[in-house]
Structures are given as structure tokens and as C-alpha cells.
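Structure, as C-alpha cells:
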Amino acid sequence: MENSQRIKQLQPSITLAAADQAKALQAAGKDVLMLTLGEPDFVTPRNITMAAKRALDSGKTSFYTAAKGMPELLEAIILHLQKFYDVKYQTNQVVATTGAKFALYALFQTILNAWDEVLIPKPFWVSYVEQVQLAQGRAVFVETFEENHFKVSVDELEKRRTSKAKAVVLNSPANPTGIVYSADELRDIGEWAVENDLLIVSDDIYGRLVYNGCKFTPIVSLSEEIANHTVVINGLSKTYAMTGWRMGYAAGPTEIIAGMVKIVGQATSNLTTVTQYAAIEALVGDQSSVEAMCVEFERRLNELYPKVAAIPGFKLDKPQGSFYLFPNVKKAMERCGFADVTEFTGAILKETGVALVTGAGFGAPYHLRLSYATKQEIVEEAIRRVTKFVKGYSQK
């Protein structure tokens, strides 16, 4: 039996594909350094795992909860957002989901009709586009410019807005660039969205991971009008080293959240019960582990950034958040005789064993992404190998 046209058109995640390829090479005995996934190399903090253990030991595993999450979890999300966003939500304005990725999926399924348009600034996280298309919407790419640190402007958004525009996606700190929007920049975009009755999809998954004095501003904190036009998407994977727990959430207008709850109820039912107990502790418990991880990521960024910038033909701005470096490698490609960045990253993997992610899937044909959410000595060895590859390959 033949698959649907929808599935035939769906593209696989390039980040997961790169990681799978690297893992396959590792399983075959190859020496591979993986800088592909945004997965912190820390164990989940002990206070969180102990909360999960207490739930397991007391038998709090053998029951379904409300599809949107236990009342205690919803209240923890509300308290967390009140503390870090200075915005007060009600329980009918939040929903817990199986990862932030599924929160985005449920949101697009909820808000989009066929051919509704979603404005997506480039470069973009790889799954936005496919999720919009799965909801029968149309992804409309909005240009940003390297000289402006890849920050989208109202002028560029307005150029791409049509009568079919329904929403705009904002990701700050951003994957893959690591840029962070200022409060003034966000206010301009927020007021433009309100004026044109567009929903802001605020992907804040890296909001706690900002460095060197940079400040994360939640767009919903800027005005009530902007908050009423925004759905916040967040989760615990990055901030609390809980990638395997699959805990995400959304907060926003009541009617939209109610629609998302319907999707959750029919697609996954409730988030794993033990994860909910762990999430409560993560959200309202001791936050010192987050601060420690942030300090370590900042130290790595400050030490690794100049080393990547020194690779021949690599050019990049210093990120302010997340845990990625996203260099423009056009000159390195030319130096080595490559016209395609995917072929370039493939050659690096084959020749050096360093697994990177092609920028093509992010809408950036002359960039690649590397994650420093892994041990510094591994990243430094990867940089050494790539440097040697670029210098040596250009001489062949």
C-alpha cells in the first residue's frame, strides 16, 4: 500500500539525520566526534531525579492524568512563568506536552487552515517548516542579513506579509544562530504583529541560556496586547538537561490552548506521569543547577568561539545564547573546491570523523552548525581536525 502524499512530501529532520549517520559510523567502529544534536552533556540534576524516584517509589505511575497535565504541574508552569516572565497565566491558558516539539506541532494543527501562511525568518529551526506544511499551511521565508546578526526586521516581515498570513515565528535565543533579540527589537515586532492581527509563536526553549551579560526578554512581558497575540512554547530539555524526559509546554490565549488540548487528547494523551512529577520539581525547585550549566556553557563559548573563527574560511559572529556556533563557511568551501555545503560537511565527516550539521536545512546554504553542548575537549579536537582538513584539502 502506498504512503500518503503528505508523508511523501515530508522531509526528515536534518539534525536527527546527521546524528543517526554519525551513530551508525560509531557503531561500525569509526572514530566519530558528534557535534550535531543540541543535547546538554550533563545529567539531569539530582533534585529532579529524586522527585521522579519518590513518585516511582510511592506508586504514582499507574494512572492517567488529565491530557493537558496534572493540576499541580499546570500550577508549577504558571508559577515558573510568573517568576521568569513576570506574566500571570490561568490554568486554562497552559498545556503540558510530550516535548516542546509536540507543543509546536499541536499549535500549528490548531491555528492553521489550508494555505494559511506562517512567516518564518531565516535561518530557522528545521522542524518549523515541515510542521506548518503538515498542518496544510504554507511556510513563508523572511530574509535576514548576516550584517544585522540574522535579526529579522519589521520591514522584511511586512514585505512578505499577505492577507493569508496567520502567524510569525520568533526564536530568541535562536537555533541555529544563537542571536538574542533586545526588548526594543521585540517590541517593534510585537506591535507590528498586533497591528496586523498576527499570532506570535514565541519559541523560548533557550531563554535561560544567555551569556556574557546578555538579557533574555520574553516578548509576552512587553505589553498585554502583545501577550494576547502570543503563544509561548517552552520545555525542559535544554535548560534542565532533560532531553530524554520529553517535557514541553505552551502558554497563550484560552481558545488556542483549548484547541491544543484537543490535539493532545487525541494524539498522545497525558505526558508520562513520572515526568510530570520531575517537571514540577524542575520548574519550582532549586535552580542552582541551571545557573551552573549556564556558567559552563558561557565558559565554553568564550574559549571555543575564537578557535572556530580562526579556521581558514570560517566567519561568524559571537553568539549570545543557546549552545551552537553557526559559521559562514563559503570561503572554506571555495578553498576546498565545494559548491554545496551538505557535500562539504559530508566530506568533513568522511575524512575527519567530525559530524556537523549542514546549514542547508536551516535555510542557510553557506553555513554549518556545530554544537558545543558536549565536552570541551571533544569540541577542541573536532576544531583541530576540521582546521587540518581545510588546510590540507585546499592543497590537493
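The values are calculated or read from the model by the stated rules, or taken from the named source; none is laboratory data. Computed from a predicted structure; not experimentally measured. Cβ: placed from backbone, ideal geometry, glycine included. Neighbour counts: every protein chain shown.
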Go through (1) more than 17 Å from the chain's Cα centre (by Cα); (2) within 30 Å of residue 36 (Cα to Cα); (3) not β-branched (Val, Ile, Thr) for residue 225 and report which single condition fails. (2)
If residue 101 passes every condition in (1) closer than 25 Å to residue 74 by Cβ; (2) in contact with a Leu (Cβ under 9 Å, 6 or more places away or on another chain); (3) surrounded by fewer than 21 Cβ atoms within 10 Å (Cβ to Cβ) but one, which one does it miss? (2)
Scanning the range 244-256 for residues that are buried (at least 24 other Cβ atoms within 10 Å of the Cβ) and of a type in the set (A, V, I, L, M), which turns out farthest from the chain's Cα centre (by Cα)? 251
Any chance residue 194 is in a loop (DSSP other than H, G, I, E, B), in the same structural domain as residue 125 (by TED's automatic domain parsing) and β-branched (Val, Ile, Thr): no
Quick check on residue 110: is it over 28 Å from residue 317 (Cα atoms) and surrounded by 18 or more Cβ atoms within 10 Å (Cβ to Cβ)? yes
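Would you check if there is a residue in the range 61-79 being closer than 24 Å to residue 357 by Cβ and β-branched (Val, Ile, Thr)? Give the steps one after another, and end with the answer.
Restricting attention to the range 61-79, the residues satisfying the condition of being closer than 24 Å to residue 357 by Cβ are none.
Checked against the condition, which is being closer than 24 Å to residue 357 by Cβ and β-branched (Val, Ile, Thr), the range 61-79 yields no hits at all.
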Residue 182 passes all but one of (1) of a type outside the set (Val, Ile, Thr); (2) within 21 Å of residue 13 (Cβ to Cβ); (3) free of Cβ contacts under 8 Å to residues at least 40 places away in the same chain; which number fails? (2)
Within the range 78-98, restricting attention to residues that are touching a residue at least 60 places away in the same chain (Cβ under 8 Å) and over 25 Å from residue 198 (Cα atoms), which residue is surrounded by the fewest Cβ atoms within 10 Å (Cβ to Cβ)? 79
Does residue 381 satisfy the criteria of being modelled with pLDDT of 95 or more and surrounded by fewer than 18 Cβ atoms within 10 Å (Cβ to Cβ)? yes
One residue is enough: does the range 316-329 have a residue meeting the conditions crowded, with 22+ Cβ neighbours inside 10 Å and more than 21 Å from the chain's Cα centre (by Cα)? yes
